[in-house]
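Please read the structure below before turning to the comments.
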Amino acid sequence: MKKRYFTIEKAEGIIPELSSKIDRVKKLNQGIKVLEASQKLVEEDLHIEFEDQALMHFQSYTKLYKNLHKLYYEFYKELDEIESLGCILKGLEPALVDFLFKFEGRDVFLCWREGEEKIQHWHEIESGYDNRHPIFKIKEKEF
């Protein structure tokens, strides 16, 4: 992927779209977890007895896998769309997103956490969320 640099304003400008996509990814992820739990039950052969047990078991198993694969497809499609915005999704719970930024001649990340209305922090590429700095340090040096 080609490096895409953001300004603070540009990163903040895509937060609404990003939030919407992250909400969708979270919902898909929850659905995947539910279906994966169901899959384990089916694989352990814990099911209700039916008249034609073999046919019913096969049909439910096929439908389960079909739905699971559909959710996985949608999940990764949304992740691709988030990546195409140029940002890096670092986590879902809570959602953490980094935006590449040039500061004092080096690459750093602007850091956004779900629930924040604006970019409030940044951190070095090699460090992470725990080592982030207030954004005002960047803004002070810009002027």
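Worth pointing out:
Condition check ((1) within 14 Å of the chain's Cα centre (by Cα); (2) surrounded by fewer than 18 Cβ atoms within 10 Å (Cβ to Cβ); (3) in a helix (DSSP H, G or I); (4) outside the structural domain of residue 19 (by TED's automatic domain parsing)) across all residues:
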| position | (1), (2), (3), (4) |
| --- | --- |
| 68 | no, yes, yes, no |
| 72 | yes, yes, yes, no |
| 77 | yes, yes, yes, no |
| 97 | yes, no, no, yes |
| 102 | no, yes, no, yes |
| 109 | no, no, no, yes |
| 127 | no, yes, no, yes |
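- Against the list (1) modelled with pLDDT of 95 or more; (2) in a helix (DSSP H, G or I), the condition residue 6 fails is (2).
- Qualifying residue in region 35-46 (condition: at pLDDT 85 or above, at negative phi, surrounded by 15 or more Cβ atoms within 10 Å (Cβ to Cβ) and assigned to a helix (DSSP H, G or I)): yes
- Yes/no for residue 83 being part of a helix (DSSP H, G or I) and either touching a Phe, Trp or Tyr at 6+ places or on another chain (Cβ under 8 Å) or touching a residue at least 24 places away in the same chain (Cβ under 8 Å) (or both): yes
- Residue count, region 123-136 (criterion: touching a Leu at 6+ places or on another chain (Cβ under 8 Å) and closer than 14 Å to residue 9 by Cα): 1
- Residue ID - modelled with the lowest pLDDT, chosen from residues in region 55-66 that are surrounded by 14 or more Cβ atoms within 10 Å (Cβ to Cβ) and either in a loop (DSSP other than H, G, I, E, B) or not hydrophobic (A, V, I, L, M, F, W, C) (or both): 57
- For residue 52, the conditions (1) closer than 20 Å to residue 71 by Cα; (2) at pLDDT below 95 are fulfilled apart from (1).
The values are calculated or read from the model by the stated rules, or taken from the named source; none is laboratory data. The structure displayed is predicted, hence computed values, not measured ones. No Cβ is skipped: glycine too gets one built from the backbone with ideal geometry, and neighbour counts run over all protein chains shown.
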